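K.L.:
Take a look at the following structure, please.
Here, each number is a calculation from the coordinates, and none is a lab measurement. Everything quoted here is computed from the prediction, not taken from an experiment. Neighbour counts run over all protein chains shown; Cβ positions are idealised from the backbone, glycine included.
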Amino acid sequence: MKKIKNILIIGLGSIGSRHLKIIKELRPEININLLRRKESKANNLEKLANKIFYDTEEALKENLDAVIISSPSSMHSNQAINFLDLDIPIFIEKPITSNLEDCLKLKRLAEKKNALILIGYVLRYSKILNEYKKLIKKNLIGKHIYIDIKCSSFLPDWRKNIDYKNSVSSNYSLGGGVLCELSHELDYANWLFGPFIELKSIRNNTNQLEIDVEDIVKIIAINKDKCLINIHLDFCSKVPKRHCFLNGSEGFIKLDLIKNEITSKLNIEKEVKLYKFESNYNEMYINQMKHFFKCIEHNVKPNITLNESSEIIRMIEICKSSPLN
């Protein structure tokens, strides 16, 4: 069994910091190296690292067992390609890239080299989403009629320690906008209900946040079973909402990721059934990292494939082909 001794984390923003802390707690014996830009702001978590690099060539000289790419999505492809030739397992934060051209280039190279790459769609590791999938598979509510997915939040509230206007989320050049930043919803929609045979969207910039990307998107899709899916994404709403409502011919099943609960009802039932889950936001990130380690040390196949991740970028590209209002 191969043991992980050295990991490189590229980028130490909010998500890179989370990965660093999780690895330190899970596997304190692992040497953690950081690759940062010289102009990056100081981060007190740097003290947890064994080495800090400011040059990719220097980082490449290390005997690395894994790389975690948590930089802006516009940089993912070029950074990942640097490590493919060295046969180093790579974890890439979602989305895999910021455009389809880079995604397909990276996918071709990775497949040619049979590289181990895992994409960070962390909701796949949450107990509640996996329970929701099990309930759907039981076919209790008959034929699927329509699905309503919503993810609404307020971008300025996301990260208290930085100006949101300077964040990746707010900048087109870094791969920002709700389509990339909230693509978790696109991933689980495709995982639970895809593939989609038709997809259309309306994008809007409300100017409320004074940023250069879409802050609200409406997506309408149809899957192979001719079920209509409505997806609403925005980060300009001050009242957070995050749910998936599946309506069938015999009842409904609703997932609420804010309340951390699932409700369901069959037409023959008088009351709504409630499935309540403990709220432990960090648990799914821990489960995700454990899976990445298993892929490396126990030769487990990544449970999120390059084909799935590429499909999300294809969906995003279709949505971006509609004009930004």
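K.L.:
Please arrange D256, D234, D163 by how many other C-beta atoms lie within 10 Å of their C-beta, fewest to most.
P.N.:
Exposure proxy ranking, most exposed first: D163, D256, D234.
K.L.:
Quick check: Cα centre of the range 32-69 to Cα centre of the range 117-182, how many Å?
P.N.:
28 Å
K.L.:
Which whole-number value in Å³ per residue fits the convex hull of the alpha carbons of the range 125-278?
P.N.:
Normalising the Cα hull of the range 125-278 by residue number yields 123 Å³.
K.L.:
Measuring from the lowest to the highest alpha carbon on each principal axis, how far does the range 1-127 reach, largest first, in angstroms?
P.N.:
In descending order, the Cα extents are 37, 36, 32 Å.
K.L.:
Any idea what the dipole of the range 125-278 comes to, in debye rounded to 20, about its Cα centre with Lys/Arg Cβ at +1 and Asp/Glu Cβ at -1?
P.N.:
Charge dipole of the range 125-278: 600 debye, to the nearest 20.
K.L.:
Using the alpha-carbon centroid of each, what span in Å lies between the range 5-24 and the range 269-325?
P.N.:
Cα centres, the range 5-24 to the range 269-325: 19 Å.
K.L.:
Let me ask you something else. Under a point-charge model restricted to the Cβ atoms of Lys and Arg (+1) and Asp and Glu (-1), what is the dipole moment magnitude of the chain relative to its Cα centre, in debye to the nearest 20?
P.N.:
In total the dipole reaches around 800 debye.
K.L.:
Would you mind telling me the antiparallel percentage of the DSSP bridges in the range 125-278, rounded to 5?
P.N.:
Roughly 85 percent of the beta bridges in the range 125-278 run antiparallel, per DSSP.
K.L.:
Tell me the Rg and the Dmax, in Å, that the Cα atoms of the chain produce.
P.N.:
20.2, 65
K.L.:
Considering only DSSP beta bridges whose two residues both sit in the chain, what percent are antiparallel, to the nearest 5?
P.N.:
Around 60 percent of the beta bridges assigned by DSSP in the chain are antiparallel ones.
K.L.:
What are the ³J(HN,Hα) values, in whole Hz, obtained from phi via the Karplus relation 6.51 cos²θ - 1.76 cosθ + 1.60 with θ = phi - 60°, for each residue of the range 135-141 in sequence order, with x given for Gly and Pro?
P.N.:
4, 4, 5, 6, 6, 6, 9
K.L.:
So, in nm, how far is label K238 from label R37 when the simple model puts each one 7 Å beyond its Cα toward the Cβ?
P.N.:
With each label point 7 Å from Cα toward Cβ, the separation is 3.2 nm.
K.L.:
Go ahead and estimate [θ] at 222 nm for the chain from helices alone: -39,500 (n - 2.57) per DSSP H run with n ≥ 4, summed, over the residue count, rounded to 500.
P.N.:
That calculation yields -9000 deg cm²/dmol at 222 nm.
K.L.:
Same structure again: I want to verify a result. In a Gaussian network model of the chain, Cα cutoff 10 Å, which of these has the top mean-square fluctuation: E308, E297, E185?
P.N.:
E297
K.L.:
For L12, L174, which order do you get if you count the other beta carbons within 10 Å of each Cβ and list the fewest first?
P.N.:
Listed from fewest to most nearby Cβ atoms, that is L174, L12.
K.L.:
Amide H of G251: which non-local residues (sequence gap of 5 or more, or other chain) have their own amide H closer than 5 Å, using H built in the peptide plane?
P.N.:
Amide H neighbours of G251: N267.
K.L.:
Hey, another quick one. Positive end of the dipole of the range 125-278, charges at C-beta (+1 Lys, Arg; -1 Asp, Glu), about the Cα centre: which of L209, I262, C151 has its Cα farthest in that direction?
P.N.:
I262
K.L.:
For R18, R37, R203, what ranking results if the residue with the fewest other Cβ atoms within 10 Å of its Cβ goes first?
P.N.:
Fewest-to-most Cβ neighbours within 10 Å comes out as R37, R18, R203.
K.L.:
Right, another one. Given N190, S71, V178, which one lies farthest toward the positive end of the charge dipole of the chain, if we put +1 on the Cβ of every Lys and Arg and -1 on the Cβ of every Asp and Glu?
P.N.:
It is N190, whose Cα lies furthest towards the positive end.
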